[in-house]
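Nothing in this text is a laboratory measurement; each read-out follows from the coordinates by a stated rule. Computed from a predicted structure; not experimentally measured. Cβ coordinates were reconstructed from backbone atoms using ideal geometry, including for glycine residues, and neighbour counts include every protein chain displayed.
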Amino acid sequence: RIGGTVVVVGCGPIGLLLVQLARLAGAERVLAIEPLAYRREAAAELGANALCPSDDLAARIEALAGADGVDVAIEAAGTLGAQEVAAQVARRGGTLVLVGIPAEDKLVMTHHVVRRKGLTIKLCRRMKLTYPRAIALTQRRMVDLKSLVTHRFALGDADQAFRLVEEYADRVIKAVIEP
């Protein structure tokens with residue numbers, strides 16, 4: 001809702017786009033929780049209050065969003081731990097949106113947290129219904145895609161791009177292979 005508070009847990013390319021979309025949707029305050037410093041910096045440049053999960057999150061969330069927590073918590077990291085963090089920082093009656101796809105193919109959260117808060121849990125499937133809206137936002141330059149690209153490679157160097165992402169994932173937001 002306009003004037004609401006949103007947290008994005010996980011600031012890879014999708015999480016950073018979600019930071020931008022939360023601002024576009026009218027969030028008064030957008031927070032981002034990310035363990036990697038360079039991704040926190042990217043989230044801050046896009047207008048989020050960036051937090052490290054090793055911070056005292058309860059105190060930081062309270063200072064930034066109020067004692068109740070955030071209205072909407074979006075998990076975009078694709079880890080079981082991120083699911084739990086998102087549930088913990090959501091307010092009573094808040095919404096939890098699960099976007100990340102964990103390798104474990106499980107949904108794991110502390111039951112009493114979700115139940116006592118009465119959270120609404122929504123799952124996001126990034127498929128054909130999402131693409132036309134995303135393309136329209138891009139065409140209207142309402143989202144900044146250029147800041148997400150940290151590395152560019154020629155088509156002939158595609159193997160090098162994949163190795164970079166695999167070996168140095170902690171330094172890459174998005175590697176692009178260009179024809």
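Here are some notes:
- Karplus-derived 3J(HN,Hα), 6.51/-1.76/1.60, for each residue of the stretch 32-48, Hz, glycine and proline x: 9, 10, 8, x, 8, 4, 5, 6, 4, 4, 5, 5, 5, 5, 8, x, 8
- GNM top mover of Asp56, Asp71, Asp144 - the chain, alpha-carbon springs below 10 Å: Asp56
- Spatially proximal lysines relative to Lys146 (Cα-Cα < 16 Å; intrachain offsets below 8 disregarded): Lys174
- Most to least packed among 14-21, 35-42, 77-84 [average Cβ atoms within 10 Å]: 14-21, 77-84, 35-42
- The alpha carbons of the stretch 116-169 give a radius of gyration and a Dmax of 17.2, 54 Å, in that order.
- Net lengthening on full extension, Arg115/Phe153 (0.36 nm per residue, minus Cα-Cα): 9.0 nm
- Förster radius 35 Å - calculated FRET efficiency between Ala63 and Arg125, Cβ distance, rounded to 0.05: 0.55
- The stretch 83-179, relative contact order in percent, only Cα pairs under 8 angstrom and at least six apart counted: 23 percent
- Burial ranking of peptide ranges 160-167, 123-130, 58-65 (average Cβ count within 10 Å, highest at the top): 58-65, 160-167, 123-130
- Along principal axes, Cα extents of the chain, largest first, whole Å: 54, 35, 31
- Contact order relative to length of the chain, as percent, for alpha carbon pairs under 8 angstrom and 6 or more apart: 18 percent
- Charge tally around Ala37: other residues with Cβ under 11 Å, Lys/Arg +1 each, Asp/Glu -1 each, net 0.
- A helix-only calculation puts the chain at -10500 deg cm²/dmol for mean residue ellipticity at 222 nm, using -39500 (n - 2.57) for each DSSP H run of at least four residues, averaged over all residues.
- The angle between the Cα long axis of helix 158-167 and the main principal axis of the chain comes to about 30°, on a 0 to 90 degree scale.
- Take every Cα pair under 8 Å whose residues are at least 6 apart in sequence, average their separation, divide by the length of the stretch 1-83, and the relative contact order is 37 percent.
- Environment charge at Asp144 (Cβ cut-off 13 Å; Lys +1, Arg +1, Asp -1, Glu -1): +4
- Additional length obtainable on full extension of the chain from Gln160 to Cys52, 0.36 nm per residue less Cα span: 35.8 nm
- Summary of the geometry: the stretch 120-157 and the stretch 158-179, compared by the centres of their Cα atoms, lie 17 Å apart.
- Size of the stretch 1-54: Rg and Dmax of its alpha carbons, in Å, are 9.9, 29.
- Principal axis dimensions, the stretch 73-147 - Cα atoms, whole angstrom, descending: 43, 27, 24
- Between amide H atoms placed 1.01 Å from N, distances below 5 Å from Gly94 occur with Thr120, all of them 5 or more places distant or on a separate chain.
- The stretch 9-98 pair-distance distribution - Cα-Cα, 10 Å bins, rounded %: 19, 58, 22, 0
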